[in-house]
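Worksheet: the structure to be examined is printed underneath.
The values are calculated or read from the model by the stated rules, or taken from the named source; none is laboratory data. The model shown is predicted, which means the values in this text are computed figures rather than measured ones. Note that we place each Cβ from the backbone using ideal geometry, even for glycine, and neighbour counts take in every protein chain shown.
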């Protein structure tokens, strides 16, 4: 077995949580159950990785088997990568029969016609989901197995999820191979990115809306009311809380929301002033970047009005994230209207 393959397998094993190494290796299927029984999975990960490499040497593992192990790792732990959503388009609405073998052949053909030094691996999963791993080289260097691109494509849909550790010049090659292999004519980025791949799927396939629950207010007997409190104040507070709950449900629903870690807004505007005022009379617009971050941004936004930390309803620039399925926005000044009015294209 080549030393570079052995080192790559060793490093891949080291990335896996120790308690889950055996499970991942079983999914890999390259080592027999008898071989797995010889590994002591209770020792430190460094020693486990060395034992795995030794068994792989006995089986004469190649870069192909090492790449499959890497695909399995990324499929189990997809949140380790940043994913971007792309949508492909074609002329007409006709549905075509999807042939996986033909897709693989055409994808490899197009990519290798542009770049010889590249390794390409595929793996099928449930729901007709295809995972593609691409390791890139140059005309003079071998593919770098540590800087790979991942493509997740569900056949019979127009959506593609890409995690690309590539040069900017290689991304167009990847997109061209995708539309050629899937018989589409165009592809565009959707301005929707996250580490949580499953949440991105929820956005584009509208799966999160199925989780909305029916709003059921608490029975009156469950609500404790202090006898000293003015009943008019109680009624006013109750009405306000119900208004906030209703507005929140209209925007976010009651069910679990897809997970996003951030939303980014690029603002572009200009001062309107007397041309004689040289300080403010700038032709170039003013630009700034605003970024909202949270471990679960949409749930955080939903919790603000009930907590009294924001007025309800929230700004449409925030509440439109689920409907528009995007978390990158550009806000420009509308032309021909009063200063201070903005539009997101």
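Is it fair to say residue 177 is over 16 Å from the mean Cα position of the chain (by Cα) and either at pLDDT below 90 or surrounded by fewer than 19 Cβ atoms within 10 Å (Cβ to Cβ) (or both)? No: the conditions fail for residue 177.
Checked against (1) surrounded by fewer than 14 Cβ atoms within 10 Å (Cβ to Cβ); (2) at pLDDT below 85, residue 249 passes all but a single condition, namely (1).
Go over the candidates 183, 198 one by one and state the one that is at pLDDT 85 or above and in a loop (DSSP other than H, G, I, E, B). Just a single option satisfies the conditions, and that option is 183. Filtering segment 115-137 to residues that are loosely packed, with under 15 Cβ neighbours inside 10 Å and over 20 Å from the mean Cα position of the chain (by Cα) leaves only 116.
Where strands (runs of 3 or more DSSP E) fall wholly inside segment 79-177, the ranges with 3 or more residues that are under 30 Å from residue 2 (Cα atoms) are 118-125, 129-136, 148-154, 159-164. Per this entry, residue 178 is not counted among residues that are in contact (Cβ under 8 Å) with a residue 60 or more places away in the chain and either in contact with a helix residue (DSSP H, G or I) (Cβ under 6 Å, 6 or more places away or on another chain) or at positive phi (or both).
Scan segment 37-46 and tell me whether some residue there is more than 26 Å from the chain's Cα centre (by Cα), surrounded by 14 or more Cβ atoms within 10 Å (Cβ to Cβ) and free of Cβ contacts under 8 Å to residues at least 24 places away in the same chain. Looking for residues that are more than 26 Å from the chain's Cα centre (by Cα), surrounded by 14 or more Cβ atoms within 10 Å (Cβ to Cβ) and free of Cβ contacts under 8 Å to residues at least 24 places away in the same chain, one finds at least one in segment 37-46, hence yes. Considering only residues in segment 288-345 that are part of a strand (DSSP E or B) and at pLDDT below 85, the one that is surrounded by the most Cβ atoms within 10 Å (Cβ to Cβ) turns out to be 333.
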